[in-house]
Amino acid sequence: MPLGELRPSPLVEQAAARLREQITGGHWPVGTRLPGETTLAKELGVGRSTVREALRALAGAGLVRPRQGAGVFVIATEPAEDWPARLRRAAVSDVYEVRMAIEVHAARLAARRRTDEDIAALRAALAGRRAASAAGDTAFVDADIAFHAAVVAAAHNPVLADLFAEFTPVLRTGLVELLRLTGLRRKDPNTADDAHEAIWRAVAEGDEEAAVAVVTRELEDPFGPVPRGEAGAARRE
């Protein structure tokens, strides 16, 4: 099946799209060595540099892989879905389970590694959450997430922080919807304030077990009440 010359416009994108069609359509099965750059350039009516950039785009999509001295080979017939795209279509419940895994471990590390600056940042985030209790649900959720982000930041693990940041948009949407459906804040605009104060205190005091216990309890019951003294109870256990 001839590739056909391209019309003037973003040539790299056009070239990548035309080559992708050949791969996803089964013309070049997995394991196939693609024609050389010169051949592809001639068939597409573009320069070799355009073909080279198009192949890089396909490699980034997980469809092809260059082998030094051997050429470029097809390794998949469907493009790999990037992480942000996968998160956008993920169920909020799945994202929440990952959130728990990250934040519980981050709380332990935060209690172990927190600095004076981290403690101050957590205190400020807690104050920001309280101030947002007078605002709408979206602003309150943003302040709530900012507090949890401060806990993750206090763990001083950039990978954990990046993971948390990646799924924050999906989490934000889910939490705003949760508040809208349940009306939790109608009775208590600053719902779960006790839990967040307990988290701050456990991290500030360097109590790893208490931090883990309180964060676990709070995430299992988002925006639900956690009695004062929860951190102390965890320490006694």
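Mind running the shape call on segment 84-220? Use the C-alpha gyration tensor, a ≥ b ≥ c as the square roots of the eigenvalues: rounded below 1.5 for a/c, prolate if a/b tops b/c, oblate otherwise. Note, shape of segment 84-220 comes out oblate.
Using the Stokes-Einstein relation with a Kirkwood hydrodynamic radius computed over Cα pairs, the translational diffusion coefficient of segment 10-74 at 37 °C and a viscosity of 0.692 mPa s comes to 285 µm²/s.
For the pair residue 124 and residue 94, label points projected 7 Å from Cα toward Cβ lie 3.6 nm apart. Karplus-based coupling profile of segment 37-43, in residue order and whole Hz: 4, 5, 5, 5, 4, 5, 5, with θ = phi - 60° in 6.51 cos²θ - 1.76 cosθ + 1.60 and x standing for Gly or Pro.
With contacts taken as Cα pairs under 8 Å and at least 6 residues apart, segment 10-74 reaches a relative contact order of 41 percent. When all protein chains stay in place and ligands, DNA and RNA are ignored, the 1.4 Å accessible-area order of 197, 166, 21, largest first, is 21, 166, 197. For segment 107-166, what does the alpha-carbon gyration tensor say about shape, rounded, prolate or oblate, given a ≥ b ≥ c as the root eigenvalues, a/c under 1.5 as rounded, and a/b over b/c as prolate? Oblate.
Residue 162 exposes around 100 Å² of accessible area when a 1.4 Å probe is run over every protein chain in place.
Couplings 3J(HN,Hα) for segment 151-160, derived from phi with the Karplus relation 6.51 cos²θ - 1.76 cosθ + 1.60 (θ = phi - 60°), are 5, 4, 4, 5, 6, 6, 10, x, 5, 4 Hz, where x marks Gly and Pro.
The values are calculated or read from the model by the stated rules, or taken from the named source; none is laboratory data. Please read these numbers as outputs of a predicted model, since none were measured by experiment. Quick reminder, even Gly has a Cβ in these numbers, built from the backbone with ideal geometry, and neighbours come from all protein chains shown. Calculation scope for accessible area: heavy atoms of the full protein, side chains included, ligands and nucleic acids excluded. Shrake-Rupley method; radii C 1.70, N 1.55, O 1.52, S 1.80 Å.
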